[in-house]
1. Please go through the stretch 243-262 and pick out each residue that is within 16 Å of PRO165 (Cβ to Cβ) and either free of Cβ contacts under 8 Å to residues at least 60 places away in the same chain or touching a Ser or Thr at 6+ places or on another chain (Cβ under 6 Å) (or both).
2. Any idea which residue in the stretch 199-214 is nearest to CYS327 (Cα to Cα), counting only those that are in a loop (DSSP other than H, G, I, E, B) and out of contact with any Asp or Glu (no Cβ under 9 Å at 6 or more places or on another chain)?
3. Going residue by residue through the stretch 331-345, is there one that turns out to be among the small types (Gly, Ala, Ser), out of contact with any Phe, Trp or Tyr (no Cβ under 6 Å at 6 or more places or on another chain) and not in a helix (DSSP H, G or I)?
4. Any residue at all in the stretch 332-345 that's on the phi > 0 side of the Ramachandran plot and either of a type outside the set (Val, Ile, Thr) or buried (at least 24 other Cβ atoms within 10 Å of the Cβ) (or both)?
5. Please indicate, with yes or no, whether at least one residue in the stretch 215-226 is part of a loop (DSSP other than H, G, I, E, B) and more than 28 Å from ASP332 (Cβ to Cβ).
6. Evaluate the following for ASP190: is it without any contact (Cβ under 8 Å) to a residue 12 or more places away in the chain, within 30 Å of GLY241 (Cα to Cα), part of a strand (DSSP E or B) and not polar (S, T, N, Q)?
7. Applying the selection to the stretch 146-160, what residues are surrounded by fewer than 24 Cβ atoms within 10 Å (Cβ to Cβ) and aliphatic (A, V, I, L, M)?
8. Is one or more of the residues making up the stretch 233-243 surrounded by fewer than 19 Cβ atoms within 10 Å (Cβ to Cβ) and part of a strand (DSSP E or B)?
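Throughout, read-outs are computed from the coordinates displayed, never taken from laboratory work. If you're wondering where the values come from, they're calculated on a predicted model, not measured in any experiment. Cβ coordinates were reconstructed from backbone atoms using ideal geometry, including for glycine residues, and neighbour counts include every protein chain displayed.
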Amino acid sequence: MKAVNPRAAHLGLAMRCVAEQAGAISRAGISAATGLNRSTASSLIDELLAGGLVRELGATTRSQRAGRPGTALGLRDDGPAGLGIDVNVDYTAVCVVDLTGAVRYKHVVSEDQRGLGTREVLDRIARLARGAQNAAEASGLVLCGSAVAIPGIVDRRTASVTLAPNLGWHDLDVTEVLPADVHGERALLDNEANFAALSEEDLIRSGQSYLYVSGQIGVGAGIVLDGRLYRGSHGWSGEIGHLTIDRDGPECPCGRQGCLERYAGHEAILRAAGITSGAGTTLGPGTNLGVSPTADLIAERARSGDACTLAALTKAGQTLGFALAGCLNLLDVGTIVLGGIYRDLAPWIGPEIQRELSTQFVGARWVSPEVRPSAFGAEAPALGAARSVVRDIINDPVRWLARP
């Protein structure tokens, strides 16, 4: 078992206090919150100040103890930053966040990548990553790491894609094309729904259990139990898109038949609504990533009362609700968060999901799970990925302080 370094543990404790109560906590407040004596707490903060992680804000806040007001502390927004990359079937997005979690750069390229060779996609990822790194450095930020969201199963131990059926990828090393962090370590890698689930910081902080459902070309889910992401024994949890709805249904890229995403995924809804998917659009750094063009079109047609579109959304919501009821029967979480295109289509599919839960969820007589749209749109995976990088620095600031 690896020995715990008390100083490192105390630095992480102090750093988390500053992060959680930025602008409202002083050295004395950290001492009171952590149980560390005042001189130790002050020494820790001095080290974090010298390392460029924490700043004195100038404003004062009253200590919980008697004495002079203390200087309020906050995280620096001009030091380490995290890079998040979302590689999906019909777009690639990058996002840079500073230590406070604020977005400092974002860029998305919208194009169907299923017709592209693996090397072409990897080269695009590398170009976008370099552009994000240059933009971060121009803003005075230093990338402390990167994380990649993939629509499929990943092996976090080897940082490789085990299977991404809609991209046609298997046993592929994606991180080789990305910039290393300040220690030369390779990028983090995880399922896109897992990273998207981590963007729901209000639910994470309150320690809630919820199921984040991400609707893209495929359908994925991030499972969060008591505020902690659950990945399963092999990292395969959350593959809700490949739950079997009909064993004799249409073939899925995963090699099986009748998977949920063939009935409730983005393209399934487009087909049922009679809408042709548009791709090949490049959106600039200032673009709002919240709504994809085709999801926006679906919503526009639904608002106009188009019967075909409304029928497609009703069917997708019913099928998704049926699958989610089975998940709730197994997991018993209190909240379902609708992400990806489902966030924008929540006014139409949300009520259908709720109706299915009322009849298919065994606990429906006693509780009514909340079905709510995600706090973020299509940017959620890249944002969650970038924030996971800076969250690692907050939890373990020694990684940054010990940089070359």
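1. Within the stretch 243-262, THR244, GLY249, PRO250, GLU251, ARG256, GLN257, GLY258, CYS259, GLU261, ARG262 meet the criteria.
2. Here the answer is GLU200.
3. Among the residues of the stretch 331-345, at least one is among the small types (Gly, Ala, Ser), out of contact with any Phe, Trp or Tyr (no Cβ under 6 Å at 6 or more places or on another chain) and not in a helix (DSSP H, G or I), which makes the answer yes.
4. Scanning the stretch 332-345 turns up at least one residue that is on the phi > 0 side of the Ramachandran plot and either of a type outside the set (Val, Ile, Thr) or buried (at least 24 other Cβ atoms within 10 Å of the Cβ) (or both).
5. Yes, there is a match, as at least one residue in the stretch 215-226 is part of a loop (DSSP other than H, G, I, E, B) and more than 28 Å from ASP332 (Cβ to Cβ).
6. Numbers: without any contact (Cβ under 8 Å) to a residue 12 or more places away in the chain: no; within 30 Å of GLY241 (Cα to Cα): yes; part of a strand (DSSP E or B): yes; not polar (S, T, N, Q): yes.
Against the criterion (without any contact (Cβ under 8 Å) to a residue 12 or more places away in the chain, within 30 Å of GLY241 (Cα to Cα), part of a strand (DSSP E or B) and not polar (S, T, N, Q)), ASP190 does not qualify.
7. ILE153, ALA159
8. Checking the stretch 233-243: not a single residue is surrounded by fewer than 19 Cβ atoms within 10 Å (Cβ to Cβ) and part of a strand (DSSP E or B).
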